Structure formats: structure tokens, C-alpha cells
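Contents: one structure, followed by commentary.
The values are calculated or read from the model by the stated rules, or taken from the named source; none is laboratory data. Since this is a predicted model, take the numbers as computed values, not measurements. Cβ atoms come from the backbone with ideal geometry, glycine included; neighbour counts cover every protein chain shown. Heads up: the accessible areas ignore ligands, DNA and RNA and are worked out on the full protein's heavy atoms, side chains in. Shrake-Rupley method; radii C 1.70, N 1.55, O 1.52, S 1.80 Å.
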Amino acid sequence: DVPGVLRGLVGGGRRRRLAAGGGEVSGSGLVGRLAGLDVAGRLSVVLEVVRGAVAVVLGFGGAGEVRAEAAFKELGFDSLTAVELRNRLSVATGLRLPATMVFDYPTPRVLAE
């Protein structure tokens, strides 16, 4: 148990609960959303997932505030926030993603593609 004052600083417990929940939070929820879509539709959905995760990690008001073409470095990512984004996207997609992901794929659009 984490004291209430510190809960906002500790994200691990929430991530574990989400991952343990399976289904909608893990890859199958995203897979279900992608099923039956054409390539452009799948890219649009994945890009919104990426932009939403970026918004949460960086404390933006929502995915709409994250420009798809903006470089992760320009958005304010460092090595710690890069790992947090990787962790969130790993849970959302059910994939094992590298910690260097934001350095290997420089923008949300490139990452989504």
C-alpha cells in the first residue's frame, strides 16, 4: 500500500492491475478495435493510442494536444518519460517494446506506423 500523498508518484501498482485485468486493457481490446479496418483506419486508431499515451505521460490535457509530427524530444521526452511511454504502450498493445522506442522512432506518427 502506498500512502495517499505518494500515489500520484507511483504508477507501478496501477499498471500491474491494468495488465492483470487482461481483455480490454491488454492487446485484445486494441486488436478488437483494429479488426475489420483498412490500413488507414488501423493507422488512425494506433496513432490515437500513441498520442493518448504521450498525453498522459507528459501531463497534457488530451491526445489532441499531441502533434503527430512533433519529435518526441521536442515534446519534452527524456529517458525516464520514454520508459514510462514504453510501459503504457506495452500494456495497451500487449507487445514487448524496447525502452529506446522514442529514440528509434522520432515522432508519434512514425511510431504508430
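Couple of notes before you dig in:
- Selection status of Glu48, of a type in the set (Asp, Glu), open to solvent by 60 Å² or more (accessible area, probe 1.4 Å) and touching a residue at least 12 places away in the same chain (Cβ under 8 Å): yes
- For segment 84-111, residues that are under 10 Å from the mean Cα position of the chain (by Cα) and hydrophobic (A, V, I, L, M, F, W, C) total 4.
- All positions within segment 99-109 that are of a type outside the set (Lys, Arg) and open to solvent by 60 Å² or more (accessible area, probe 1.4 Å): Thr100, Phe103, Asp104, Tyr105, Pro106
- No other residue among Glu74, Glu69 is open to solvent by 30 Å² or more (accessible area, probe 1.4 Å) and part of a helix (DSSP H, G or I) apart from Glu74.
- Annotation note: Cβ proximity below 6 Å between a residue of segment 89-105 that is in contact (Cβ under 8 Å) with a residue 12 or more places away in the chain and a residue that is outside any helix (DSSP H, G or I) and hydrophobic (A, V, I, L, M, F, W, C) (sequence gap 6+ or interchain) occurs for Leu89/Leu97; Val102/Phe77.
- Lone unmet requirement of (1) touching a residue at least 12 places away in the same chain (Cβ under 8 Å); (2) touching a helix residue (DSSP H, G or I) at 6+ places or on another chain (Cβ under 6 Å); (3) assigned to a loop (DSSP other than H, G, I, E, B) for Arg86: (3)
- Scan segment 89-107 for residues that are within 20 Å of Leu34 (Cβ to Cβ) and part of a helix (DSSP H, G or I) and the total you get is 6.
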